[in-house]
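Single-structure report; data block below.
Every number in this text was worked out from the coordinates using simple rules, so none of it is lab data. All values reported here derive from a predicted model rather than from experimental measurement. Here Cβ is always computed from backbone atoms with ideal geometry, including for glycine, and neighbour counts include all displayed protein chains.
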Amino acid sequence: MQERVALVTGASGGLGAAIASRLAAGATFVLLHYRVDSMKGAALERQIRDAGGRCAIVAGDIRTGAGIAAFLSEIDKALSANGLEKLDVLVDNAGIGGFATVEETSESMFDDICSTNLKGTFFLTQGALKRMRDGGRIVVTSSGASKRASGPMAAYAMTKAALNTFVVYLAQEVGPRQITCNALGVGPVETAASAAFFGDESRRRDILSHTALHRLATPDDIAKAVALFASAESGWITGQYVEVSGGYRL
């Protein structure tokens with residue numbers, strides 16, 4: 001049997017690191033993408049290898065066409081260096097937020113969010129499809145904010161809503177190859193990056209009171225869901241937006 005290979009974008013920390021670790025624990029070779037934080041990428045690589053997993057870190061800037069082309073070239077090199085040929089799983093996780101009202105959102109902030117979350121995801125996926133085996137899995141991390149107002153983050157939410165539509169069209173297009181594509185609507189997650197936000201007790205109580213399971217998610221909660229949609233068991237689910245939020249604002 002050929003070793004399964006997954007590419008996880010935005011894998012240097014938070015959700016991406018948890019997703020990569022979960023997939024690696026399931027005997028999948030994982031390509032760990034990072035754009036800026038090489039130290040976190042290297043630390044995750046060591047952690048996965050110490051646990052008996054197989055992985056490689058691949059740097060790349062997916063905000064521009066030139067950056068994506070260079071990143072895809074590095075992916076090819078990493079695959080070849082490890083005796084691998086094709087991808088089986090793509091987790092489009094790389095993205096940036098931006099807490100600002102519509103009036104506060106600058107053009108540069110808007111462009112940065114769109115180039116990473118939307119343009120980067122679209123064109124990286126385009127390139128990854130040429131390197132993916134039939135029967136593959138594509139999982140896109142979306143957000144519950146794409147479906148309901150969740151604070152001052154209109155630009156961010158717009159990009160996630162666009163990705164929900166993207167998976168519908170992509171699922172139709174790649175269906176003949178038995179490749180599935182789904183978006184997971186992530187709710188509030190407690191990470192190192194969000195610690196200050198959730199440290200506000202009033203905000204925290206409000207979120208918990210509107211969450212059916214009455215707790216915040218951990219990165220591993222999301223990673224388990226991604227692993228399910230990346231597995232063979234999800235082969236009859238495609239083109240869907242599925243909330244992974246613990247029942248936030250049902």
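Quick notes
- Simple point charges give the picture: +1 on the Cβ of Lys and Arg, -1 on the Cβ of Asp and Glu, and for the chain a dipole about the Cα centre of about 460 debye.
- Cα point-scatterer Debye curve for region 5-118, base-10 log of I(q)/I(0) at q = 0.09, 0.10, 0.16 Å⁻¹: -0.26, -0.31, -0.72
- In the chain, taking the dipole from charged Cβ atoms about the Cα centre, the farthest positive-side position among 227, 210, 66 is held by 227.
- Using just its DSSP H runs of length 4 or more, each adding -39500 (n - 2.57), the chain gives a mean residue ellipticity at 222 nm of -13000 deg cm²/dmol after division by all residues.
- Percent RCO, i.e. relative contact order, over region 5-244, from Cα pairs under 8 Å lying at least 6 residues apart: 20
- 0 to 90° range, to nearest 10: angle between helix 38-50 axis and the chain longest Cα axis: 60
- Ranked list, fewest to most other Cβ atoms within 10 Å of each Cβ, for 207, 19: 207, 19
- Neighbour counts of C-beta atoms inside 10 Å place 216, 7 in the sequence 216, 7, starting with the fewest.
- Using the Cβ-Cβ distance between residue 178 and residue 64 with R0 set to 25 Å, the FRET efficiency works out to roughly 0.20.
- Candidate aspartates and glutamates - alpha carbon under 14 Å from residue 86, same-chain residues fewer than 8 apart omitted: 3, 74, 76, 134
- Taking the number of Cβ atoms within 10 Å of each Cβ as an exposure proxy, the fewest-first ranking of 184, 84, 44 is 84, 184, 44.
- Amide H within-cut-off set for residue 185, under 5 Å, with H built and near neighbours excluded: 142, 242, 243, 244
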